[in-house]
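Taken together, the values in this text are just the output of simple stated rules run on the coordinates, not laboratory data. This structure is a prediction, so every number in the text was calculated from the model and none was measured. So basically every Cβ, Gly included, is an ideal-geometry build from the backbone, and we count neighbours across all protein chains shown.
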Amino acid sequence: LAKTTQPISMDSYEGQEVNITCSHNNIATNDYITWYQQFPSQGPRFIIQGYKTKVTNEVASLFIPADRKSSTLSLPRVSLSDTAVYYCLVGDKSFKTIFGAGTRLFVKA
Amino acid sequence: NAGVTQTPKFRVLKTGQSMTLLCAQDMNHEYMYWYRQDPGMGLRLIHYSVGEGTTAKGEVPDGYNVSRLKKQNFLLGLESAAPSQTSVYFCASSYKSELVTQYFGPGTRLLVL
């Protein structure tokens, strides 16, 4: 199982772009990188998934360098409602991935 | 679609009591999972199922049993609850082919006294 390392917490202000980097040095060839968001008292919610290069959807962008040993979740123009915990997972099947402690993002007005 | 639902939402047990948590999904997903989440920590996989009638152990299976008699339901049982099982329990499901994209329920808060 590929282990991931993320910052424990981050602070930002409304309207700023937030980048959360995740390290996964032992990622395997078949592994994908997936990010989830969790609000207090709710279950995690899928944000974005990628294998290499860049992926963008209506919520976020995911940047993956060529060596795939890290990835960066980019949240454009955050708002107060983006305050949550963000988890980076690496694996090729759901039951082979691990939810670490995640990154607590706090967005201030 | 209701997605993934969990019952009950909250429960208080005394040490030694038993209970069953029910998870239901209406998305025709093959895979289902039970996680627990303790304060300030990530989710840990308890048991999972890759199809009706099959179950497998996850990271922290001790003290729990599961059953998947119907494709849409995944039950988590505590035969003899202990205070260490006080936690928030999340159920999730996924398509067989969608790698690690899981859909989570709202959670069940369990307090064992």
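Points worth noting:
- Charge dipole (Cα centre; +1 on Lys/Arg Cβ, -1 on Asp/Glu Cβ; no other charges) of chain B amounts to roughly 240 debye.
- Over every Cα atom in the protein assembly as shown, the radius of gyration and the widest Cα-Cα span, Dmax, amount to 17.6, 53 Å.
- Segment residue A:30-residue A:45, length gained on full extension (0.36 nm per residue, minus Cα span): 3.1 nm
- If R0 equals 35 Å, the separation of the Cβ atoms of residue A:79 and residue B:111 corresponds to a calculated FRET efficiency of about 0.55.
- Here the stretch B:54-104 is treated with +1 on each Lys and Arg Cβ and -1 on each Asp and Glu Cβ, and its dipole about the Cα centre works out to around 280 debye.
- Convex hull projection area averaged over all views, the stretch B:1-57, Cα basis, nm²: 5.3
- Ordering B:49, B:93, A:41, A:94 by the number of other Cβ atoms within 10 Å of each residue's own Cβ, fewest first, gives A:41, B:49, A:94, B:93.
- Those trypsin sites (Lys or Arg not before Pro) in the stretch B:39-113 that DSSP places in a loop and that have at most 16 other beta carbons within 10 Å: B:70, B:71, B:96
- Signed unit charges on C-beta, dipole axis of chain B, positive-most listed residue B:33, B:88, B:53: B:88
- Computed magnitude of the charge dipole of chain A (debye, nearest 20; Cβ of K, R +1, Cβ of D, E -1): 260
- Share of Cα-Cα pairs in chain A lying beyond 16 Å, as whole percent: 55
- Listed by chain and number, the aspartates and glutamates whose C-alpha is less than 14 Å from the C-alpha of residue B:96, apart from same-chain residues fewer than 8 away, are A:92, B:30, B:52.
- Ranked A:22, B:91, criterion: other C-beta atoms within 10 Å, fewest first: A:22, B:91
- Where N is the number of residues in chain B, Cα Rg divided by 2.2 N^0.38 Å: 0.99
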